[in-house]
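Novice: Provided herewith is a single structure, encoded as structure tokens, for subsequent inquiry.
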Amino acid sequence: MITIESYLRSMEATFVPEKCQRTHAVLQYVFTGSQCGVCHAIIGDGTITTAIGAHPAPSAIVTSDFDLWMRLLAYEQDPLLAYQGGWYQVEGDVTLLMESDAWFARVPR
């Protein structure tokens, strides 16, 4: 079973530092559904730090059903169509969130 903690570990494991050497961002996730909770990832100068809980100043906040988010990351559902359909919400820098897709290597689920 995928948990929020295992999601954060997978973010760290698949992070590609070369893709964001001069990037500074805090991505926060508010999950509902099978896994409920808040977590965040801090990206800075090619490093990543993840943690459970809210960050005081996130660049973008994603609110999503956990299982939906896992399907979006696995490209089992189209992220843009899901966003346009209101299946998940983003507050803050939407462009940064879209760019963040390139910061992680794709690993089959």
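Novice: Looking at this structure, is Glu91 modelled with pLDDT of 90 or more and in a loop (DSSP other than H, G, I, E, B)? Working first, answer last.
Specialist: Values: modelled with pLDDT of 90 or more: yes; in a loop (DSSP other than H, G, I, E, B): no.
So Glu91 fails the test.
Novice: Could you list all residues from segment 16-36 that are touching a residue at least 40 places away in the same chain (Cβ under 8 Å), among the hydrophobic types (A, V, I, L, M, F, W, C) and surrounded by 15 or more Cβ atoms within 10 Å (Cβ to Cβ)? I'd like the intermediate steps shown before the answer.
Specialist: Initially, segment 16-36 is screened for residues touching a residue at least 40 places away in the same chain (Cβ under 8 Å), giving 16, 19-20, 23, 25, 27, 29.
Pick out the ones that are also among the hydrophobic types (A, V, I, L, M, F, W, C) and you get 16, 20, 25, 27.
If the condition is that a residue be touching a residue at least 40 places away in the same chain (Cβ under 8 Å), among the hydrophobic types (A, V, I, L, M, F, W, C) and surrounded by 15 or more Cβ atoms within 10 Å (Cβ to Cβ), then Cys20, Ala25, Leu27 are the ones that fit.
Novice: I'm trying to understand the selection: among the residues of segment 84-95, which are of a type outside the set (S, T, N, Q) and within 24 Å of Ser6 (Cβ to Cβ)? Outline the logic, then answer.
Specialist: Start the filter on segment 84-95 by keeping residues that are of a type outside the set (S, T, N, Q), which leaves 85-88, 90-94.
Residues satisfying the conditions are Trp87, Tyr88, Val90.
Novice: Return yes or no: is Glu99 modelled with pLDDT under 95 and either more than 14 Å from the chain's Cα centre (by Cα) or in a loop (DSSP other than H, G, I, E, B) (or both)?
Specialist: Values: modelled with pLDDT under 95: yes; either more than 14 Å from the chain's Cα centre (by Cα) or in a loop (DSSP other than H, G, I, E, B) (or both): no.
When the stated conditions are applied, Glu99 does not pass them.
Novice: What is the one condition in (1) surrounded by 15 or more Cβ atoms within 10 Å (Cβ to Cβ); (2) under 20 Å from Val94 (Cβ atoms); (3) of a type outside the set (Lys, Arg) that Tyr75 does not satisfy?
Specialist: The single condition Tyr75 does not satisfy is (1).
Novice: Suppose we filter Trp87, Trp69 for residues that are surrounded by 15 or more Cβ atoms within 10 Å (Cβ to Cβ), farther than 16 Å from Pro17 by Cα and touching a Leu at 6+ places or on another chain (Cβ under 9 Å); which single one remains? Reasoning before the result, please.
Specialist: Numbers: Trp69 fails: touching a Leu at 6+ places or on another chain (Cβ under 9 Å).
After ruling out the rest, the residue left standing is Trp87.
Novice: Next up: Restricting segment 73-88 to residues that are in a loop (DSSP other than H, G, I, E, B) and hydrophobic (A, V, I, L, M, F, W, C), which is farthest from Ala102 (Cα to Cα)? Before you say what the answer is, go through the steps one by one.
Specialist: Of all residues in segment 73-88, those in a loop (DSSP other than H, G, I, E, B) come to 74-78, 85-88.
Checking which are hydrophobic (A, V, I, L, M, F, W, C) leaves us with 74, 87.
Values: Ala74: 13, Trp87: 22 Å.
Among those residues, the one meeting the criterion is Trp87.
Novice: Report, by residue number, each residue of segment 1-16 that is in a helix (DSSP H, G or I), of a type in the set (S, T, N, Q) and under 17 Å from Phe31 (Cβ atoms).
Specialist: Of the residues in segment 1-16, the ones in a helix (DSSP H, G or I) are 4-14.
Remaining after also requiring of a type in the set (S, T, N, Q): 6, 10, 14.
Once the filter is applied, which keeps residues that are in a helix (DSSP H, G or I), of a type in the set (S, T, N, Q) and under 17 Å from Phe31 (Cβ atoms), segment 1-16 yields Ser6, Ser10.
Novice: Here's a follow-up. Filter segment 8-37 for residues that are within 16 Å of Gly92 (Cα to Cα) and within 14 Å of the chain's Cα centre (by Cα) and give the result.
Specialist: Across segment 8-37, the qualifying residues are Ala25, Val26, Leu27, Gln28, Tyr29, Val30.
Novice: Select from segment 35-72 the residues that are outside any strand (DSSP E or B) and aliphatic (A, V, I, L, M) and list them in ascending order. Steps first, answer last, please.
Specialist: From segment 35-72, those outside any strand (DSSP E or B) are 35-36, 45-46, 53-59, 66-72; that's our starting set.
The answer is Ala54, Ala57, Leu68, Met70, Leu72.
The values are calculated or read from the model by the stated rules, or taken from the named source; none is laboratory data. Note that the structure is a prediction, hence the values are computed from the model and not measured. Backbone-built Cβ (ideal geometry, glycine too); neighbour counts: all protein chains shown.
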